[in-house]
């Protein structure tokens, strides 16, 4: 990676903030509405799709947030050795 | 079924301390999983049970956090070119069968010998498998470290070369991680064993990763990344099965997931900085340490089954607490090695970048 690329590469602050807010909102809903959620999610049978779908939604939103979080913190994957040379 | 429904209705109350505890354990578990492809689950289930969560709900909720975590980890490591999706799915499907069979064996043992018998079976499986496989993995990593050839490419074992040389028409599949065609007749029993172990001790990767490395000939980095695909396939099927009985406490699963997604991303990034033998080192160290934790519990269950002299209440309490502490220590030790190796990798890369920039200027 050239010096120029390195300096112009922007950190995804906006993406992190956006996904972070959605992620927090999801967790707030989960904890505030836990009585209703527990009632329906524990019914079993075809209601099994509820926890599975929830897990996918949370993983998508929170996964994007945590990925951007580490990038913003400056922790990224190693560059290829040949790029360094 | 009545008991299951009763247990499902028994979801615990959550307070700030409980949420923080689950988040932190989730983070450390995720960090290790992102690095070695599995682990963490063996601490999460007892950690939830220590909060008063019924056993089956703990297992179900752990599984429901595992599959989305594995999915994110696999996607992250796929970006680094470390995942063999085909191998992961082929092994994952047979692992699913192993999970069902393993759970069936567990149920039969529980019916015949009760809770103590079931616990003894789990602990014995832990001790025997971790002693053999963990000892072998740790020895191999240690030999590489002592030889000073840590930068050399990993050698494919003789067993893997033999497996790759066998041609059984109609069953041969090419896998990019092995750069060879192998018969699925070899992958099916390995996947099955991985699933059986996952159903027994919650961490199928302790069989899955070493078998991909030593039996099939996959590089450590690819084996640990591909294990995340297996964990996703197994976890999704298992979670659905438990959710059909209403056993998943989604609050617990999602809180652990909150921490573990931070961890798994970091662990996955860590793999790009370390030498391949470090995967084996972390896995071996965790396996051998956990082995001691479970071995301490064997006398407790033997005493409950009246196979040895009855142990006093205080002795049982000490053994249980020590066992749990060693388990937490194993996970923390694994996380420490991962973070240390990653830190060193980042520092040496920065030095190399500075050197390269200086050369260019000169």
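The values are calculated or read from the model by the stated rules, or taken from the named source; none is laboratory data. Note that the structure is a prediction, hence the values are computed from the model and not measured. Positions of Cβ are backbone-derived with ideal geometry, glycine not excepted, and every protein chain shown enters the neighbour counts.
The condition (being more than 10 Å from every other protein chain (Cβ to nearest Cβ), touching a helix residue (DSSP H, G or I) at 6+ places or on another chain (Cβ under 8 Å) and closer than 30 Å to residue B:241 by Cα) is satisfied by just one residue among A:36, A:52, A:29, A:22: A:22. Would it be correct to say that residue B:317 is under 14 Å from residue B:50 (Cβ atoms), assigned to a helix (DSSP H, G or I) and at pLDDT 90 or above? Answer is yes for this residue. Among the residues making up segment B:254-280, a single one is more than 14 Å from every other protein chain (Cβ to nearest Cβ) and either surrounded by fewer than 24 Cβ atoms within 10 Å (Cβ to Cβ) or closer than 30 Å to residue A:37 by Cα (or both): B:277.
So for segment B:216-238 (the condition being assigned to a helix (DSSP H, G or I) and over 30 Å from residue A:57 (Cα atoms)), does at least one residue qualify?
Residues of segment B:216-238 that are assigned to a helix (DSSP H, G or I), as a first pass: B:216, B:220-238.
Filter once more, so that each one left must be over 30 Å from residue A:57 (Cα atoms): B:216, B:220.
Yes, there is a match, as at least one residue in segment B:216-238 is assigned to a helix (DSSP H, G or I) and over 30 Å from residue A:57 (Cα atoms).
Filtered by the rule that a residue be at the interface with chain A (Cβ under 8 Å from one of its Cβ atoms) and touching a residue at least 24 places away in the same chain (Cβ under 8 Å), segment B:65-79 gives B:65, B:67, B:68, B:69, B:71, B:72, B:76.
The helices (runs of 4 or more DSSP H) falling completely within segment B:1-112 that include 2 or more residues that are crowded, with 23+ Cβ neighbours inside 10 Å map to B:16-36, B:41-49, B:55-79.
Inspect segment A:10-18 for any residue being facing chain B (nearest Cβ under 10 Å) and either at pLDDT 90 or above or surrounded by 16 or more Cβ atoms within 10 Å (Cβ to Cβ) (or both) and give the result as yes or no. Let's see the steps before the verdict.
In the first step, residues of segment A:10-18 are kept if they are facing chain B (nearest Cβ under 10 Å); the result is none.
The answer is no, given that none of the residues of segment A:10-18 is facing chain B (nearest Cβ under 10 Å) and either at pLDDT 90 or above or surrounded by 16 or more Cβ atoms within 10 Å (Cβ to Cβ) (or both).
Residue-wise test of (1) more than 22 Å from residue B:262 (Cβ to Cβ); (2) at pLDDT below 95.
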{"site": "B:25", "(1), (2)": "no, yes"}
{"site": "B:35", "(1), (2)": "no, yes"}
{"site": "B:44", "(1), (2)": "no, yes"}
{"site": "B:52", "(1), (2)": "yes, yes"}
{"site": "B:58", "(1), (2)": "no, yes"}
{"site": "B:71", "(1), (2)": "no, no"}
{"site": "B:75", "(1), (2)": "no, no"}
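Test of understanding: among B:91, B:87, which residue is touching a strand residue (DSSP E or B) at 6+ places or on another chain (Cβ under 6 Å) and over 22 Å from residue B:256 (Cβ atoms)? The conditions single out B:87.
Which members of segment A:55-68 meet the condition of being touching a residue at least 24 places away in the same chain (Cβ under 8 Å) and facing another protein chain (nearest Cβ under 7 Å)?
Step one: list which residues in segment A:55-68 are touching a residue at least 24 places away in the same chain (Cβ under 8 Å), which gives A:57-58, A:61-62, A:64-65, A:68.
Across segment A:55-68, the qualifying residues are A:58, A:62.
Mind checking which helices (runs of 4 or more DSSP H) fall wholly inside segment B:134-215 and carry at least 1 residues that are touching a residue at least 12 places away in the same chain (Cβ under 8 Å) and farther than 26 Å from residue B:41 by Cβ? First the steps, then the outcome.
Working: elements: B:135-147, B:158-165, B:184-201, B:205-210.
The qualifying helices (runs of 4 or more DSSP H) are B:135-147, B:158-165, B:184-201.
Would it be correct to say that residue B:355 is touching a residue at least 12 places away in the same chain (Cβ under 8 Å) and surrounded by fewer than 21 Cβ atoms within 10 Å (Cβ to Cβ)?
Numbers: touching a residue at least 12 places away in the same chain (Cβ under 8 Å): no; surrounded by fewer than 21 Cβ atoms within 10 Å (Cβ to Cβ): yes.
Here the answer is no, as residue B:355 does not meet what is asked.
Of the residues in segment B:241-251, none is surrounded by 24 or more Cβ atoms within 10 Å (Cβ to Cβ), more than 9 Å from chain A (Cβ to nearest Cβ), touching a residue at least 60 places away in the same chain (Cβ under 8 Å) and in a helix (DSSP H, G or I). If you go through segment B:260-293 and keep only what is out of contact with any helix residue (DSSP H, G or I) (no Cβ under 6 Å at 6 or more places or on another chain) and not in a helix (DSSP H, G or I), you end up with B:272, B:275. Quick one: is residue B:325 over 18 Å from residue B:134 (Cβ atoms) and within 14 Å of chain A (Cβ to nearest Cβ)? So residue B:325 does not fit the description; no.
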